[in-house]
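Below: the structure, in structure tokens.
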Amino acid sequence: MKWEKILVRYGELSTKGKNRKQFINHLRNNIKFSFVDLPNIKVHAERDRMFLTSSDDEEIQELIKRLPKIFGIQSFSPVASCTQDIEDIQKTALEIMESLDTEDKTFRVTVKRTDKRFSMDTYELQTTVASNVLRNYPSLKVQMKKPEIDLRIEVLADAVYMMAQVIPGAGGMPLGSNGRSLLMLSGGIDSPVAGYMLMKRGVRLDAIHFHSPPFTSERSKEKVMDLANQLSHFGATVRLHVIPFTEIQQSIQAQIPDNVSMTTTRRIMMKIADQVRLEIGALGIVTGESLGQVASQTLESLTAINAVTSTPIFRPLISMDKLDIIDIAREIGTYDTSILPYEDCCTIFTPSCPKTKPKLEKVEFYESFKDFDELIKEAVENREVISFPKKKENAFEELL
Ligand code: ATP
Ligand code: MG
């Protein structure tokens, strides 16, 4: 099927005024970023919809495959065009039907006759096209209310446009329309999902990972790099800050009683994340914490961890069940990487019985015997920063 263009409908239609303008600008830029390898794509944005065209047919096909990943799109439709000649209209209608699964589907034709000089009236064109389609696809059933296939025909002065599919988009808001946050990215299942959820609300991400060689291997770092790379496939560069964490973990192990060392580790991670956040101009910190999942994720623990900063901490998974989180991880393609068996710095240093209800005053008391500030400063300074997607890579290869 040769498509003329793609009609894109915006998500979150409630955004108004200046916000709407920015929404559209971000969406336009993100589409250009995601499709740099398709040089002939042109974007034409209107107030309440957008058209994408290309002189190259293959580019349009590629676009149809990839558009469902772009945030801020409610739905989109490939549009075909032909002349006002009725033969041409019939032929195009059949070609569109040919590209669809029509078996036992409900069907109607909708006509919008914008060019009033067109020789047939609306009803005549509608019945002419519908009866021809039904002759060729006898299993279709006509249904005027919410049919599965609505073949829409719009007659304009210069051409006739036709479409039948409404393909769902990713929804959400265009990346960049809600600022930047720093994602605490472990190698697990949860944090990539948390990052994805913030990205879907238009938040650009940097990611931070705490790495403790030789207790955690190069493989476990590569796994996190893979996850950061996969997140960048949703339409924006993701920078990963890898923090050398070994010395701090050893020092915690030596200085802090076992049953609260986990809480202290989290608190120091949070302090480091907050410093990096400040340096990169991000406004919030994102984690994959989910209430009650493990000892460090009780309300008492979260309170003790939270106490080190007044920066907003976003925990989009806080009320979600693990199985629902896994479903999203599968959907966004991070699950298979997340379940690779490489060790995490926290699991290695996890004491056998961490306190599930640590008292903040107690934790602060134990921490007061050791000044971690110098170690924290060094860790921030000595971090390694890696950008994804890697240059020259087709960012979408793995996902398709
Ligand atoms: P995940 O599946 O994201 O690893 P989890 O269920 O294993 O989460 P925890 O190990 O308690 O839970 O981690 C809670 C959150 O703390 C993670 O979701 C992540 O945001 C952050 N985190 C844990 N370990 C690290 C790490 N090594 N580097 C960066 N962030 C981390
Ligand atoms: Mg984990």
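The values are calculated or read from the model by the stated rules, or taken from the named source; none is laboratory data. Since we're looking at a predicted model, the values are computed, not measured. Reconstructed Cβ throughout: ideal geometry from the backbone, glycine too, with neighbour counts over all protein chains shown.
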It is to be established whether one or more residues within segment 47-67 are assigned to a strand (DSSP E or B), among the hydrophobic types (A, V, I, L, M, F, W, C) and without any contact (Cβ under 8 Å) to a residue 24 or more places away in the chain. no
Sort through 285, 256 and tell me the only one that's surrounded by fewer than 23 Cβ atoms within 10 Å (Cβ to Cβ) and under 26 Å from the mean Cα position of the chain (by Cα). 285
Among the numbered criteria (1) closer than 27 Å to residue 50 by Cβ; (2) at pLDDT below 95; (3) in contact with a helix residue (DSSP H, G or I) (Cβ under 9 Å, 6 or more places away or on another chain), which single criterion is violated by residue 114? (3)
Single unsatisfied condition, residue 228 versus (1) crowded, with 21+ Cβ neighbours inside 10 Å; (2) assigned to a helix (DSSP H, G or I); (3) more than 16 Å from ligand 1 (Cβ to nearest atom): (3)
Check on residue 210, aromatic (Phe, Trp, Tyr), in contact with a Cys (Cβ under 8 Å, 6 or more places away or on another chain), closer than 20 Å to residue 270 by Cβ and touching a residue at least 40 places away in the same chain (Cβ under 8 Å): yes
What is the residue count in segment 131-186 for residues that are away from ligand 1 (no atom under 16 Å from the Cβ) and in contact (Cβ under 8 Å) with a residue 60 or more places away in the chain? 23
From the list 18, 32, which residue is more than 16 Å from residue 73 (Cα to Cα) and not in a loop (DSSP other than H, G, I, E, B)? 18
